[in-house]
Amino acid sequence: MTTPSPKYCPEDRPELSRRSFLKTGLGGAMFLSTVSMTAGLTGCATAPAGRVSAVDSRMDASYQFEFLSRDDIALFEALLPAMFAGALPEEPNQRQHAIAGTIERIDQGIVMFGPANQKELRKLFDLLNFAPTRITLARVWSDWPSVSTESAEAFLNRWRDSRIGLLNNGYIALTKISNVAFYGHDAHWHLSGYPGPPAWAVDALPQFHNA
Amino acid sequence: MSMNDPIARGLASGWNVTDASKLTTDQTVEADVVVIGTGAGGGTTAEILARQGLSVILVEEGRLYYQKDFKMDELTSYASLYQEGMSRVTADGAIAILQGRCVGGSTTVNWTSSFRTPDETLNYWSQNLGLSDLAPDTMAPWFQGREERHTMAPWVTPPNLNNDILKQGCEKLGYSWQVIPRNVKGCWNLGYCGVGCPTNAKQGALMTTIPGALDNNAQLFHGLRADRLVMNQDRIDHLQASAMGPNGVTPSGVTVTLKARHFVVAASAIGSPGLLLRSELPDPYKRVGKRSFIHPVNATVARMPAKVDPFYGAPQSIYSDEFNFKHGVDGPVGYKLEVPPLHPAMAAGVVPGHGQEQRDNLGQLPWMQSVIALLRDGFHEDSPGGTVSLRDDGSPVLDYPITDYLWQGIRQAYLDMAEIQFAAGAEAVQAVHLDSGWYTSWTQAKDAINQLPMKPHRARLFTAHQMGGCGMGADPKNSVVNGFGEHHQVANLSIHDASIFPTSIGANPQLSVYALAARNSNRLAQKLSGA
């Protein structure tokens with residue numbers, strides 16, 4: 001997920017930024033960076049959450065978040081029940097465990113995305129966590145912790161079906177990082193009927209039997 | 001670790017390999033040649049030069065991963081072996097970019113398809129771009145040499161069902177199909193080429209040219225990012241590089257200065273133009289980063305009546321060139337048809353969706369089959385490619401606008417792929433597109449696909465083949481290097497990777513890169529040894 005950002009290459013600049021502007025129809029990058037800055041200034045929690053205590057969150061206190069902020073975690077706690085409707089366990093503890101583990105793997109994945117795409121995701125998350133843009137662009141009226149699964153589902157549908165490419169792109173970014181972290185995890189392979197690497201090969205290969 | 005592993009054995013025998021994340025102080029090193037990048041181009045170059053007795057230093061931004069790390073696991077592999085942890089996209093986010101970032105580059109994670117550059121492509125280059133030395137006859141020995149070096153041969157094991165369905169559909173419709181040559185030796189037919197070959201069967205750079213170079217005293221730095229080539233008067237004096245920290249993505253602060261007589265850039269069609277732009281090398285006609293090609297890929301998925309198990313077996317073994325040059329080399333865009341493997345994370349990332357619908361889609365993964373079309377971009381004036389430029393942090397980004405010419409090809413490819421899948425007995429077919437449902441007959445699919453909006457983000461597009469951006473040509477006004485990969489303006493700089501292709505290839509490009517790099521490195525070795 002990226003949005004057009006200011007280009008280093010001076011020769012191309014006027015042409016590129018004009019086309020990018022037309023393409024996104026929203027002023028794209030400039031709008032998002034304004035949001036990001038405003039979010040920082042208004043005290044949105046954009047710092048990595050680090051270790052989140054089990055008392056004020058349902059996260060596993062042993063995991064150290066390197067990218068996701070407390071607000072981002074709340075965002076995913078609201079989105080994932082809609083994202084994985086029909087796939088998450090019903091039993092409350094197992095369900096919570098599956099959601100928390102997925103958010104941790106999302107964090108781990110983003111760390112490896114590197115600085116440029118981290119910056120793009122920071123803009124996206126800030127946009128979703130900053131009330132004025134959450135309301136105008138996502139049309140989500142309450143804070144994420146009070147958003148129902150139905151409202152989260154409606155939000156995902158709106159961004160998927162929007163005629164604005166930038167919002168489609170936001171939908172793809174949110175679903176892609178979540179889908180990979182959830183369905184790609186070995187505890188969830190059964191949901192896609194994937195039996196895992198062939199057992200005979202695992203038995204025969206030295207890297208699975210380190211002394 | 002098993003001593004049957006050539007990398008473990010080589011390291012134990014004293015190869016000169018430096019993990020830059022372990023460096024604690026800045027340093028300066030020197031060699032005859034510094035090669036930037038360890039993929040198809042860089043590996044080939046390093047081995048050929050080192051065998052000629054030249055001292056060679058290889059620089060790789062990614063880390064050295066080998067058999068001990070290849071555990072057939074998607075999440076760890078995508079995070080560590082791919083550019084930007086598999087999150088790389090074009091500037092507007094509309095096209096996902098799959099590209100290796102590790103020792104061996106994309107050859108460590110590719111699906112082993114090994115095609116010669118099509119004659120049509122070579123003839124187009126020689127007739128239209130002044131590259132007459134690259135005609136099919138003159139290139140043939142170079143292809144043959146590299147086919148031997150990388151053990152490339154048509155796959156004799158029966159294809160897995162995922163690939164066989166492409167063959168069945170083509171046969172039903174009277175379309176041509178062929179068996180794909182693969183670069184494997186003793187392949188176990190497991191299906192995990194894309195996450196690092198677990199058995200060392202894949203004969204990519206990691207199992208061939210990299211060990212070949214290191215056995216001949218080359219030095220390898222991994223986890224070291226090439227920041228800037230620094231000129232002194234009209235020659236490059238040194239490369240300035242930054243060590244990455246232990247996670248492989250955050251610089252540690254330690255720098256390495258690499259001095260050499262000659263520099264070979266082979267950092268990929270995104271990385272090489274990026275390095276040249278950061279270095280502000282002479283570029284009087286503003287060609288660097290222009291005409292970047294990607295073989296834009298679109299896909300359809302089919303639900304088959306029998307289990308396909310698309311996660312097992314050699315991922316690519318059948319292809320169809322029925323539509324590749326159907327309208328000539330420079331008519332309406334042609335495309336090669338192939339099959340992708342589908343593992344859960346890949347499938348969940350590629351098939352867009354959420355909620356119960358997504359769960360239901362992925363629940364049928366064992367019955368799913370997919371076909372992909374690789375569009376042959378760059379041969380028509382309405383397919384001028386994209387542009388690599390620098391973000392404000394200096395990292396390269398590819399802007400790739402999709403022209404109407406390409407959209408027409410994308411729609412036609414959706415149609416052809418769906419027709420083939422129905423002909424092979426699919427129960428239902430879905431275009432990988434935000435507006436596509438599951439179609440249960442070819443007639444229904446045809447009507448619906450003809451109505452799908454061909455728009456960025458709605459059509460899900462991918463690229464696994466990045467080419468161009470430092471194009472070769474006889475005329476410096478429209479190219480960056482000559483037909484031997486020699487930079488037009490800087491005498492001690494060569495470029496030996498897919499960035500020098502003046503159009504896309506029209507086939508999976510690894511053999512094209514190996515062959516050109518071998519040819520150009522032999523010439524370079526003669527020049528440098530004679531000097």
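The values are calculated or read from the model by the stated rules, or taken from the named source; none is laboratory data. Fair warning: this is a prediction, and the values are worked out from it, not measured in the lab. Neighbour counts run over all protein chains shown; Cβ positions are idealised from the backbone, glycine included.
Residue-wise test of (1) within 18 Å of A:I172 (Cα to Cα); (2) part of a helix (DSSP H, G or I); (3) aliphatic (A, V, I, L, M).
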{"site": "A:D71", "(1), (2), (3)": "no, yes, no"}
{"site": "A:A74", "(1), (2), (3)": "no, yes, yes"}
{"site": "A:L79", "(1), (2), (3)": "yes, yes, yes"}
{"site": "A:E90", "(1), (2), (3)": "no, no, no"}
{"site": "A:A98", "(1), (2), (3)": "no, yes, yes"}
{"site": "A:N117", "(1), (2), (3)": "yes, yes, no"}
{"site": "A:T133", "(1), (2), (3)": "no, yes, no"}
Please go through the range B:239-280 and give me each residue that is without any contact (Cβ under 8 Å) to a residue 60 or more places away in the chain and not in a loop (DSSP other than H, G, I, E, B), ordered by number.
B:Q240, B:S242, B:P251, B:G253, B:S279
Out of all the residues in the range B:355-370, which are within 7 Å of chain A (Cβ to nearest Cβ), over 23 Å from B:T76 (Cα atoms) and touching a Leu at 6+ places or on another chain (Cβ under 8 Å)?
B:G355
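Could you name every one of the helices (runs of 4 or more DSSP H) located completely within the range B:60-150 that has at least 2 residues being within 20 Å of B:A46 (Cβ to Cβ)?
Details: elements: B:74-81, B:119-128, B:136-149.
It comes to B:136-149.
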As an exercise: evaluate B:E60 against (1) in contact (Cβ under 8 Å) with a residue 40 or more places away in the chain; (2) touching a strand residue (DSSP E or B) at 6+ places or on another chain (Cβ under 9 Å); (3) among the acidic types (D, E); (4) within 13 Å of chain A (Cβ to nearest Cβ) and give the number of the one condition it does not meet.
(4)
Search the range A:129-148 for residues that are surrounded by fewer than 19 Cβ atoms within 10 Å (Cβ to Cβ) and pair each with any residue that is outside any helix (DSSP H, G or I) when their beta-carbon atoms are under 7 Å apart and the residues are at least 6 apart or on different chains.
A:I135/A:W141
Single match in B:P340, B:P352 (criterion: outside any helix (DSSP H, G or I) and away from every other protein chain (no Cβ under 14 Å))
B:P340
Say we look at the range B:375-398 and pick out the residues that are out of contact with any strand residue (DSSP E or B) (no Cβ under 7 Å at 6 or more places or on another chain) and within 19 Å of B:I97 (Cα to Cα); which of these is surrounded by the most Cβ atoms within 10 Å (Cβ to Cβ)?
B:S383
Count of residues meeting criterion [of a type outside the set (G, A, S) and away from chain A (no Cβ under 14 Å)] in the range B:176-201
9
Given the criterion buried (at least 24 other Cβ atoms within 10 Å of the Cβ) and more than 14 Å from chain A (Cβ to nearest Cβ), identify the matching residue among B:A31, B:A46, B:A91.
B:A46
Of all residues making up the range B:154-176, the number that are buried (at least 19 other Cβ atoms within 10 Å of the Cβ), closer than 15 Å to B:D321 by Cβ and either free of Cβ contacts under 8 Å to residues at least 12 places away in the same chain or hydrophobic (A, V, I, L, M, F, W, C) (or both)
2
Scan of the range A:70-94 for residues that are crowded, with 16+ Cβ neighbours inside 10 Å, over 14 Å from A:P145 (Cα atoms) and not aromatic (F, W, Y), ordered by number
A:M83, A:A85, A:A87, A:L88
Can you give me the number of residues within the range B:6-28 that are within 14 Å of chain A (Cβ to nearest Cβ), in contact (Cβ under 8 Å) with a residue 40 or more places away in the chain and surrounded by fewer than 18 Cβ atoms within 10 Å (Cβ to Cβ)?
1
Do we find that A:L166 is within 8 Å of chain B (Cβ to nearest Cβ) and crowded, with 17+ Cβ neighbours inside 10 Å in this structure?
no
Matching residues, the range B:303-321, being under 26 Å from the mean Cα position of the chain (by Cα) and outside any loop (DSSP other than H, G, I, E, B)
B:I318, B:Y319, B:S320
Does A:V140 qualify as being in a loop (DSSP other than H, G, I, E, B) and either within 11 Å of chain B (Cβ to nearest Cβ) or farther than 23 Å from B:M86 by Cβ (or both)?
yes
Within the bounds of the range B:281-294, is there any residue that is closer than 30 Å to B:R458 by Cα, of a type outside the set (A, V, I, L, M), part of a loop (DSSP other than H, G, I, E, B) and touching a helix residue (DSSP H, G or I) at 6+ places or on another chain (Cβ under 6 Å)?
yes
Single residue of A:V202, A:V111 found to be farther than 15 Å from A:L68 by Cα and β-branched (V, I, T)
A:V202
Which residue pairs have Cβ atoms closer than 8 Å, lie 6 or more positions apart in sequence or on different chains, and pair a first residue in the range B:301-327 that is on the phi > 0 side of the Ramachandran plot with a second residue that is part of a loop (DSSP other than H, G, I, E, B)?
B:D309/B:N160; B:G313/B:P159; B:G313/B:N160; B:G313/B:N189; B:G313/B:L190; B:G313/B:G191
Subset of the range B:49-69 (residues that are farther than 18 Å from B:N247 by Cβ and surrounded by fewer than 24 Cβ atoms within 10 Å (Cβ to Cβ)):
B:R51, B:Q52, B:G53, B:L54, B:S55, B:Q67, B:K68
Checking A:S162 against (1) more than 30 Å from B:S389 (Cβ to Cβ); (2) more than 18 Å from the chain's Cα centre (by Cα): exactly one of these is not met. Which one?
(1)
Could you tell me which of the residues A:F65, A:F31 is away from chain B (no Cβ under 13 Å) and at pLDDT 95 or above?
A:F65
Looking at (1) at pLDDT 95 or above; (2) closer than 28 Å to B:L173 by Cβ; (3) in contact with a Leu (Cβ under 8 Å, 6 or more places away or on another chain); (4) within 14 Å of another protein chain (Cβ to nearest Cβ), which is the one condition that is false for B:S383?
(4)
